[in-house]
Every structure is written in C-alpha cells, then in structure tokens.
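What follows is a set of notes on a single structure, which appears directly below.
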Amino acid sequence: MGGGCHWCTEGVFVSLAGVARVEQGWIASVPPHATPSEAVVVHYDPAVIALGELLAVHLETHAATVAHALRHKYRSAVYTFGEQDAGPCRSLLAELAVDHLGELQTRVLPFVQFTPSLPEHQDYYRSDPERPFCRRYIAPKLNRLRRERPGLFFGNKQ
C-alpha cells in the first residue's frame, strides 16, 4: 500500500492485530505509475483482520483525497497481484469512499516491483518512537486510531 511516507505507513500497519509483517520501500506499477513511490507490503492474516478494515485504516491515515504535487513520490495506492485481488479492492474502496469528503486519489494498481528500504530504516517507528519525526507524524496517527478503533491493535504494542 502506498499512503505517503513509508515510515508512517509502516508504523501504523505493524501495530495492527493480524498483521504479521510490514516491509517498507518503493513499489512500481505500470505506466503512468511505473516510477517507484514510497509504499509498504503488508503481510496479514485475513482470519484476524479483514481486507476492508486494512483499507479503511489506510484511507484514514494519509491524505487519501488530496491531489498534491508529490503524488508521484507519495502515491496513494493499493497494489494487487491480479484481478482476483483488484476487483474486491475496487469494490471496498468504493464503499469506503462514501465516508470521505472529496474524491479518493487512491488507485488500485498492479504490483510490478518492490525495492526494500535499507535495513536500518525498516521497523523505523518501533526501533525509536522518540525520534522527532516519529513523535510529530506517526504517533498522532496511532493515538487517533487507538481512540477511534481500539479493537484493532495488539495489546500495548507501539
């Protein structure tokens, strides 16, 4: 999933119950979205957390309705591995769009290539949540989600 900064996106998804692992880096799709943009690969257990819930969290934790100038680097996207994944994602996004003011910029795109971030940047938030970047951008998203959707999180996991 692409939702702006991959550190922020990773910090949110790695905290959710049912998410086993989150890899952050850059994902490329097909033209005109072939230029890699910051994104994460989310490995999750659909018996614990539904795809619709993951997509709702995705939309709630980045500027999903803003068509800003840096969309090429910070693309709002859900990357899929075939039409069997893309169809349900499109349907779920259409349902979730009703809850948002403005048109969703989030696209459902084919996954083509993933390039991971450097190892020292993986698990960025959990490795040092006191970094200024973490306190300013990631912690507020997690705090809001914990207030609004407390059942989604692992116990006290950051």
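Taking label points 7 Å from Cα along the Cα-to-Cβ direction, ARG131 and ARG144 give a separation of 2.1 nm.
If packing is taken as the mean number of other Cβ atoms within 10 Å per residue, what is the order of 4-11, 50-57, 110-117, 136-143, highest first?
Highest-to-lowest ranking by the protection proxy: 4-11, 50-57, 136-143, 110-117.
From least to most packed, judged by other beta carbons within 10 angstrom and beginning with the fewest, ASP45, ASP85 follow the order ASP45, ASP85. Couplings for the range 25-31, taken from phi via the Karplus curve 6.51 cos²θ - 1.76 cosθ + 1.60 with θ = phi - 60°, read x, 10, 10, 10, 10, 9, x Hz in order; Gly and Pro are left as x. With pairing defined as another cysteine C-beta under 4.7 Å, the cysteines of the chain that fail it are CYS89, CYS134. The 3J(HN,Hα) values that the Karplus relation (6.51, -1.76, 1.60; θ = phi - 60°) gives for the range 37-44 are, in residue order, 10, 4, 6, 10, 9, 9, 9, 9 Hz. Gly and Pro appear as x. Principal axis analysis of the Cα atoms in the range 71-122 yields extents of 38, 27, 18 Å, listed in decreasing size. Label sites at LEU70 and PHE114, each approximated as a point 7 angstrom past Cα along Cα to Cβ, lie 2.4 nm apart. Ellipsoid fit via the Cα gyration tensor, the chain: semi-axes of 22, 18, 16 Å, each the root of five times an eigenvalue, largest first.
Close amide-amide hydrogen proximity is noted between TYR44 and ALA20, each under 5 Å apart and 5 or more residues distant or on a separate chain (H modeled in the peptide plane; Pro and chain starts excluded). Taking amide hydrogens as placed 1.01 Å from N in the peptide plane, the amide H of GLY2 sits under 5 Å from those of VAL40, ALA77, VAL78, TYR79, each at least 5 positions away in sequence or on another chain. The gain in end-to-end length when the VAL30 to PHE154 segment is fully stretched comes to 41.1 nm, 0.36 nm per residue minus the alpha carbon separation. Legend: ranking of residues VAL40, VAL30, VAL108, VAL98 from fewest to most surrounding C-beta atoms inside 10 Å; resulting order VAL98, VAL30, VAL108, VAL40. Given a cut-off of under 8 Å on Cα pairs at least six residues apart, what relative contact order in percent is computed for the chain? In percent, rounded to a whole number, it is 32. All other residues whose Cβ lies under 13 angstrom from that of LEU104 are scored, Lys and Arg at +1 and Asp and Glu at -1, for a net of 0.
A short reminder: the numbers here are calculations on the coordinates, not readings from a lab. Computed from a predicted model, the values in this text were never measured in an experiment. Cβ: placed from backbone, ideal geometry, glycine included. Neighbour counts: every protein chain shown.
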